[in-house]
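Below you'll find the structure, written out as structure tokens, and then a few comments.
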Amino acid sequence: MEWILQPWPWYIAGPLIGLMVPALLLLSGKTFGVSTSFQHLGAICTPKSNLPYLKNFDRRDNNWQLVFVAGIVLGAFVGSHYLSINPVSFLPDNYYTLSGMVRLALGGLLVGFGVRYAGGCTSGHTIMGLSNLQWSSLVASISFFAGGLLLTHVLQF
Amino acid sequence: MKQLFVLLIGAFFGIVLVKSEVVSWFRIQKMFLFEEAHMYLIIASAIAVGALAVYVIKRFQLKTVFNEEVMITAKPFQKGVIIGGLLFGVGWAITGACPGPIYAQIGSGEYIALITFAGALVGMYLYAFLQPNLPH
């Protein structure tokens, strides 16, 4: 069981992530995705908003999204505190500075705006959408990747 | 009952995200620099398993455990898929986190990811404001 405490190899992790798709479909009837939770939180935080994007959001139908992301937070806690030998660092130390925080805030803004404009993220488009052979998800996934390459190789922000 | 399943599946997803280090900025960086195959292999094998599962569910018209019809939400194309997708990709490379991993980073104890999360909510509001005027 020693291997559980080590970082999991791709051939364990990848198929397990793929299993999210049938697990959600067959056990809850839901389509795998994460980023709708942002919209849901917006609809909750500003319930009287007149913006159609928040006003027309069906909270009851999407309640499971909040339960799902709460599960992610919980599982991540268990994974790093009980299934790892030492807590693993996921962000570089220089993000714990003022300029680092500004970068995270700006990056987060781009993530939130981008995924909502694109109608899905790496979960909803790249894993779920491609599994369901949606060509818009292929375009989305290529765009995600192009944006990442643009930052890493050209903008180098 | 359904919500309990969702919570457990979410928790399982959170564990896998952390243990595979998909939530690591360093892994994302190595992916975009083409230094490591880890992320590519995870994404490819996840899609392979997911696609096989969707095929089987459709082919045999499987029902949910509550004996309901399985409905898969379609992803219609609009211009935002490209423009929003590019912007998201830039943010992904900066923060080392897409939406699932933002939650997972927070849960794992990288509390500075709360700033990423707050930024993402601001970004969502920005989209909500601009939506009527954006090309779709």
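The table for this structure:
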| item | result |
| --- | --- |
| Loss of accessible area when B meets A, both sides summed, Å² nearest 100, probe 1.4 Å | 9500 |
| Spin-label pair B:V56/A:R60, simplified geometry with 7 Å Cα→Cβ offset, distance in nm | 3.5 |
| Residue of B:A51, B:A120, B:A104 that the Gaussian network model of chain B assigns the largest fluctuation, springs spanning Cα pairs under 10 Å | B:A51 |
| Inter-label distance for B:L8 and A:W135, nm, one decimal - labels placed 7 Å from Cα along Cα-to-Cβ | 4.0 |
| Solvent-accessible ranking of B:R59, A:R59, A:R116, largest area first, probe 1.4 Å | B:R59, A:R59, A:R116 |
| Zone residues, the range B:98-136, relative to A:K48, backbone N less than 13 Å from point 7 Å out along Cα-to-Cβ | none |
| Fraction of accessible area attributable to carbon and sulfur, the protein assembly as shown (%, probe 1.4 Å) | 68 |
| Pairwise centroid distance, computed over Cα atoms, of the range A:1-54 with the range B:24-103, Å | 10 |
| Rounded, prolate or oblate (a/c below 1.5 giving rounded, otherwise prolate when a/b exceeds b/c) for chain A by Cα gyration tensor | rounded |
| Expected 222 nm ellipticity per residue - DSSP helices of 4 or more, -39500 (n - 2.57), all of chain A, to 500 | -17500 deg cm²/dmol |
| Modelled FRET efficiency - R0 30 Å, B:L33 with A:N86, Cβ distances, 0.05 increments | 0.75 |
| Among A:L26, A:L98, A:L133, residue whose mean-square fluctuation peaks in a GNM of chain A (springs only between Cα atoms under 10 Å) | A:L98 |
| For the protein assembly as shown: rounded, prolate or oblate by the Cα gyration tensor [a/c cutoff 1.5] | rounded |
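The values are calculated or read from the model by the stated rules, or taken from the named source; none is laboratory data. Nothing here was measured: the structure is a model prediction, and the numbers come from that model. No Cβ is skipped: glycine too gets one built from the backbone with ideal geometry, and neighbour counts run over all protein chains shown. Only protein heavy atoms, including side chains, enter the accessible area calculation; ligands, DNA and RNA are left aside. Shrake-Rupley method; radii C 1.70, N 1.55, O 1.52, S 1.80 Å.
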